[in-house]
Amino acid sequence: MKVEQLTCSIGAELIGVNLADAVHDDALFGEIRAQLLKHRVVFLRDQDITRAEHVAFARRFGELEDHPVAGSDPQHPGLVQIYKNPDQPMDRYENAWHTDATWREAPPMGCVLRCVECPPVGGDTMWANMVLAYENLPDEVKVKIADLRARHSIEASFGAAMPIEKRLALKAMYPDAEHPVVRTHPETGEKVLFVNAFTTHLSNYHTPERVRFGQDANPGASELLRYLISQAYIPEYQVRWRWKPNSIAIWDNRSTQHYAVMDYPPCHRKMERAGIIGDKTY
């Protein structure tokens with residue numbers, strides 16, 4: 001296996017690898033996992049694998065999860081079909097920096113995404129290194145956010161355009177999750193800046209140490225949150241991947257954010273994603 005690093009901060013392409021072999025080859029799978037932890041997102045070309053092989057490979061990391069809004073392949077539970085075509089309204093939630101499903105109490109550990117069909121130009125996906133984003137924060141900001149926690153909501157994102165009855169039912173099924181603003185990676189021990197487009201507010205900002213008067217709560221907390229979320233926008237933390245059919249991206253959802261660039265209407269774009277169940281944050 002040849003490893004070609006794509007940027008100085010995140011991303012590598014794995015060359016000469018067939019993911020179908022890694023389903024049964026423990027040594028090969030172990031090397032792929034090691035490269036994933038090192039580079040946070042790894043890419044492979046020319047992976048003409050079946051859906052069953054896609055699911056079997058992803059399950060080597062852990063059990064898979066379905067998505068309550070996006071549809072899954074009925075023959076392969078856990079394989080979410082992200083299909084876009086010119087005849088349907090575009091999903092506006094694609095083009096936002098986010099970590100998948102942080103509205104869950106235990107967000108996904110990672111994902112394996114395969115391109116089935118894509119436009120000849122456009123439709124790239126970008127990833128950002130949120131460990132580096134935390135490391136480069138000013139020291140005074142690190143002190144300020146060390147004990148902060150934040151709420152993450154599916155109601156305020158996927159549910160926002162739903163009729164109120166469906167939106168409230170979705171929230172009842174998936175109440176807002178609370179996570180630390182700075183997460184500890186469960187495998188590497190690294191500190192991760194863990195706020196994104198699903199984050200609605202800081203839960204425990206409004207304390208006597210931070211607030212002189214009640215009116216300070218909203219501007220102080222919201223401006224800090226907006227600043228923290230904006231760290232993913234910095235190009236030096238990012239990698240951009242151009243899709244081709246049978247290309248695959250595997251990312252560590254605990255230490256990254258990603259952004260699906262929605263610049264390709266009116267073309268088709270069909271992706272299939274296996275999301276791996278993760279751990280509670282701490």
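The values are calculated or read from the model by the stated rules, or taken from the named source; none is laboratory data. Please read all numbers here as calculations on a predicted model, not as lab measurements. Methodologically, a virtual Cβ is constructed for each residue, glycine included, from the backbone with ideal geometry; neighbour enumeration extends over all protein chains shown.
Any idea which of (1) surrounded by fewer than 17 Cβ atoms within 10 Å (Cβ to Cβ); (2) more than 30 Å from ARG151 (Cα to Cα); (3) in contact with a helix residue (DSSP H, G or I) (Cβ under 8 Å, 6 or more places away or on another chain) is the one ASN246 doesn't satisfy?
(3)
Looking at (1) more than 13 Å from the chain's Cα centre (by Cα); (2) outside any helix (DSSP H, G or I); (3) at negative phi, which is the one condition that is false for TYR134?
(2)
Restricting the search to the stretch 172-210, which residues are among the basic types (Lys, Arg) and modelled with pLDDT of 95 or more?
Matches in the stretch 172-210: ARG183, LYS191.
Considering only residues that are assigned to a strand (DSSP E or B) and in contact with a Leu (Cβ under 6 Å, 6 or more places away or on another chain), which ones fall in the stretch 25-50?
VAL42, LEU44
Would you check which residues across the stretch 25-66 are of a type in the set (Asp, Glu) and surrounded by fewer than 20 Cβ atoms within 10 Å (Cβ to Cβ) and list them?
If the condition is that a residue be of a type in the set (Asp, Glu) and surrounded by fewer than 20 Cβ atoms within 10 Å (Cβ to Cβ), then ASP25, ASP26, GLU31, ASP46, ASP48, GLU53, GLU63, ASP66 are the ones that fit.
When the stretch 8-24 is examined, which residues are found to be in a loop (DSSP other than H, G, I, E, B) and surrounded by fewer than 18 Cβ atoms within 10 Å (Cβ to Cβ)?
If the condition is that a residue be in a loop (DSSP other than H, G, I, E, B) and surrounded by fewer than 18 Cβ atoms within 10 Å (Cβ to Cβ), then CYS8, GLY16, ASN18, HIS24 are the ones that fit.
Being touching a helix residue (DSSP H, G or I) at 6+ places or on another chain (Cβ under 9 Å) and surrounded by fewer than 15 Cβ atoms within 10 Å (Cβ to Cβ) is true for just one of ALA160, ALA169, ALA150. Which residue is that?
ALA160
In the list VAL195, VAL131, which residue meets the criterion of being touching a strand residue (DSSP E or B) at 6+ places or on another chain (Cβ under 8 Å), under 15 Å from ALA101 (Cα atoms) and crowded, with 16+ Cβ neighbours inside 10 Å?
Every option except VAL195 fails the conditions.
What number goes with the only condition from (1) within 20 Å of the chain's Cα centre (by Cα); (2) of a type outside the set (Gly, Ala, Ser); (3) in a loop (DSSP other than H, G, I, E, B); (4) surrounded by fewer than 21 Cβ atoms within 10 Å (Cβ to Cβ) that PRO107 does not pass?
(4)
Any residue at all in the stretch 50-71 that's of a type in the set (Ser, Thr, Tyr) and within 18 Å of the chain's Cα centre (by Cα)?
Checked against the condition, which is being of a type in the set (Ser, Thr, Tyr) and within 18 Å of the chain's Cα centre (by Cα), the stretch 50-71 yields no hits at all.
Just checking, how many residues over the stretch 152-169 are free of Cβ contacts under 8 Å to residues at least 24 places away in the same chain, of a type in the set (A, V, I, L, M) and in a loop (DSSP other than H, G, I, E, B)?
3
Within the stretch 121-128, can one find any residue that is loosely packed, with under 15 Cβ neighbours inside 10 Å and free of Cβ contacts under 8 Å to residues at least 24 places away in the same chain?
Checked against the condition, which is being loosely packed, with under 15 Cβ neighbours inside 10 Å and free of Cβ contacts under 8 Å to residues at least 24 places away in the same chain, the stretch 121-128 yields no hits at all.
Would you pick out the residues in the stretch 108-144 that are among the basic types (Lys, Arg) and closer than 15 Å to GLU190 by Cα?
LYS142, the sole residue that qualifies.
Tell me, please, whether a residue that is touching a Cys at 6+ places or on another chain (Cβ under 7 Å), surrounded by 13 or more Cβ atoms within 10 Å (Cβ to Cβ) and touching a residue at least 60 places away in the same chain (Cβ under 8 Å) can be found in the stretch 230-238.
Scanning the stretch 230-238, I find no residue that is touching a Cys at 6+ places or on another chain (Cβ under 7 Å), surrounded by 13 or more Cβ atoms within 10 Å (Cβ to Cβ) and touching a residue at least 60 places away in the same chain (Cβ under 8 Å), so the answer is no.
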